[in-house]
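Have a look at the structure below before the remarks.
The values are calculated or read from the model by the stated rules, or taken from the named source; none is laboratory data. Please read all numbers here as calculations on a predicted model, not as lab measurements. Backbone-built Cβ (ideal geometry, glycine too); neighbour counts: all protein chains shown. These area figures cover heavy atoms from the full protein model, side chains too; ligands, DNA and RNA do not enter into them. Shrake-Rupley method; radii C 1.70, N 1.55, O 1.52, S 1.80 Å.
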Amino acid sequence: MTAPPIDVLPLLAREEQALIGVLADLGAQDWTAPTEAGWPVHDLTAHVLGTKLGRLSRDRDGHVPEAALGFGAEWVTALRQLSPEVLFAMFVDSTTQLTDLWKHRDLEESDGWLTVARDYAEHWVHQQQIRAAVGAPPLDDAEFRTPVVDTLLRPLPHALPSARPGRQVACTVEGAGRWTIRATPTGWSIERGAASSRSPLASMTTDADAFWRLCTGTLAPAETAARVQVSGDPAVCEVLLGLRSRDCSLTSAGVPASATAGSAHRR
């Protein structure tokens, strides 16, 4: 069975509330603490707020700006004029609005569930970065973490080189589960569960923390070698190790919306 849609709707409001709980307790110095995303906490919070407001503006209100500048450097620079108290108040005011938006939509239509899952994954990653910067414990319970791993794996079928139908790529992410990417006559498909092949085309084994850091470009090369094990076809292993967002520094928009197609030779 092909992997089903990722249902993160029950988690959206809880993820937001968890971040608000962290932000509510920050002192002045905490807001200036550097994060792995390359921005201090204030700036990263502004970025997250911007992505939420942008989604509401586009998908709820139908607002299409004349120039889509995104919520990177220009937005963040502008919001530096706001105090942490004002920024926090704006963040709180936006809470649950995205949940309310999506729960009234048919997320099966046009793969809307994937849009929601990508947004959730990006916000979850940024929350981990904020928590790490201020010494707060991670929000890494399996129910929050597993959908992020699942979402970050979904570009793989579009990135792998073509192969004979039936060939498999096995992915084991400790703390999240197992996935199999299977070659079909029309391309690759992804499904939950261990590979049935005793000799998959390639395999990857890692842990959930290392995996999301690999995909977001924040896992150091030395850690990658130690924490991400790949074996099998060299071209496929290269794709597995290169599974990261195009904005891999996470200073603008973090989660892959698509993957670069691999070379089209058969194996």
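Points to keep in mind about this one:
- Filtering 139, 152 for residues that are open to solvent by less than 30 Å² (accessible area, probe 1.4 Å), within 30 Å of residue 26 (Cβ to Cβ), in a loop (DSSP other than H, G, I, E, B) and at pLDDT 95 or above leaves a single hit, 139.
- Set 132, 89: member being under 22 Å from residue 174 (Cα atoms) and out of contact with any Gly (no Cβ under 8 Å at 6 or more places or on another chain): 132
- When each of 206, 172, 218 is tested for being crowded, with 20+ Cβ neighbours inside 10 Å, touching a residue at least 24 places away in the same chain (Cβ under 8 Å) and in a strand (DSSP E or B), the lone residue that passes is 206.
- Tally of residues being assigned to a helix (DSSP H, G or I), out of contact with any His (no Cβ under 6 Å at 6 or more places or on another chain) and open to solvent by less than 20 Å² (accessible area, probe 1.4 Å) across region 23-36: 1
- All positions within region 84-114 that are under 16 Å from residue 7 (Cβ atoms), surrounded by fewer than 19 Cβ atoms within 10 Å (Cβ to Cβ), in contact (Cβ under 8 Å) with a residue 12 or more places away in the chain and not charged (D, E, K, R): 99, 101, 114
- Near pairs, Cβ below 9 angstrom, 6+ apart or cross-chain, from region 57-82 (outside any helix (DSSP H, G or I)) to any residue that is open to solvent by 50 Å² or more (accessible area, probe 1.4 Å) and not polar (S, T, N, Q): 64/58; 65/58; 69/75; 71/53; 72/247; 82/90
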